[in-house]
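Below is one structure; the comments refer to it alone.
The values are calculated or read from the model by the stated rules, or taken from the named source; none is laboratory data. Note that the coordinates shown come from a computational prediction; the quantities given were computed from them, not determined experimentally. When we count neighbours, we look across all protein chains shown, and the Cβ atoms used for this are built from the backbone with ideal geometry, even at glycine.
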Amino acid sequence: MKKREISFSGPMVRSILNGTKTMMRDVFEVTGYSITSYNEEILQFDDGTFHYLSTGGLSGPYPCPYGTEGDLLVLPGTVWRHQSCGQILSNSLPCLAGTITLKITEVRVERLQDITEMDAMSEGLYCDSCGWFVPGNAMTGAQTAVECFSQLWDSLYGNEFPWDSDPWVWCISFGIVNP
């Protein structure tokens with residue numbers, strides 16, 4: 001089992017702590033470029049390794065940069081609780097309560113636009129009577145969780161890997177080990 005440090009925005013940390021963020025995605029890159037051609041494919045072998053198949057042949061293995069099932073992701077110094085009421089405070093305050101440790105429960109690779117409505121919900125989004133929203137951004141307001149996630153994706157990766165390019169992505173599911 002390996003440990004890796006990872007960071008999330010304050011609103012996403014709160015989504016992790018309240019159980020609505022149990023999944024994340026990141027671009028699958030092969031030696032510095034993302035794969036967007038539909039003539040290419042990512043294969044997962046029985047041993048859990050991922051390989052890139054193109055017209056040029058098979059290459060790999062490509063390990064997930066976040067780890068494999070059972071590995072730990074550590075958000076150092078991200079949980080700050082008010083000492084008297086336990087309320088979670090901003091992650092810009094001095095650390096009072098330590099770290100959050102997450103355990104990877106699944107790693108897979110898929111096309112970005114293959115995200116399901118349920119997986120989009122697991123990305124930490126929330127819904128109210130006005131639509132789906134990204135925590136910390138009241139301006140999203142989409143009809144579906146997938147549409148909301150596409151807006152979040154483009155706000156983070158849109159310049160280099162926009163939603164419409166439908167790149168291959170790592171899909172990492174996780175659960176909290178200790179809050």
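Key figures for this structure:
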{"quantity": "Number of the exception - Asp114 against (1) among the charged types (D, E, K, R); (2) within 21 Å of Phe50 (Cβ to Cβ); (3) touching a residue at least 24 places away in the same chain (Cβ under 8 Å)", "calculated": "(3)"}
{"quantity": "Residue among Cys127, Cys85 that alone is modelled with pLDDT under 85 and not basic (Lys, Arg)", "calculated": "Cys85"}
{"quantity": "Failed criterion for Glu110 (all others in (1) at pLDDT below 95; (2) closer than 14 Å to Met24 by Cα; (3) crowded, with 17+ Cβ neighbours inside 10 Å hold)", "calculated": "(3)"}
{"quantity": "Any hit, the range 21-38, residues being in a loop (DSSP other than H, G, I, E, B), more than 16 Å from Trp170 (Cβ to Cβ) and either modelled with pLDDT of 65 or more or touching a Gly at 6+ places or on another chain (Cβ under 8 Å) (or both)", "calculated": "no"}
{"quantity": "Matching residues in the range 117-146 - criterion: being crowded, with 16+ Cβ neighbours inside 10 Å, part of a helix (DSSP H, G or I) and of a type in the set (Asp, Glu)", "calculated": "Asp119"}
{"quantity": "Identity of the residue in the range 136-176, in contact (Cβ under 8 Å) with a residue 60 or more places away in the chain and aliphatic (A, V, I, L, M), that ends up nearest to Arg108 (Cα to Cα)", "calculated": "Ile172"}
{"quantity": "Residue list for the range 140-174, restricted to those being of a type outside the set (Val, Ile, Thr) and within 19 Å of Ile16 (Cα to Cα)", "calculated": "Ala145, Cys148, Phe149, Leu152, Trp153, Leu156, Trp170, Cys171, Ser173, Phe174"}
{"quantity": "Criterion violated by Leu156 - all others in (1) surrounded by fewer than 20 Cβ atoms within 10 Å (Cβ to Cβ); (2) more than 20 Å from Val13 (Cβ to Cβ) satisfied", "calculated": "(2)"}
{"quantity": "Any hit, the range 56-69, residues being modelled with pLDDT of 80 or more, on the phi > 0 side of the Ramachandran plot and either in contact with a strand residue (DSSP E or B) (Cβ under 7 Å, 6 or more places away or on another chain) or not in a strand (DSSP E or B) (or both)", "calculated": "yes"}
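So that you can scan it fast, the table gives a plain yes or no per residue for (1) surrounded by 14 or more Cβ atoms within 10 Å (Cβ to Cβ); (2) modelled with pLDDT under 90; (3) part of a loop (DSSP other than H, G, I, E, B); (4) not polar (S, T, N, Q):
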position	(1), (2), (3), (4)
Met1	no, yes, yes, yes
Ile16	yes, no, no, yes
Gly19	no, no, yes, yes
Leu53	yes, yes, no, yes
Leu96	no, yes, yes, yes
Leu102	yes, no, no, yes
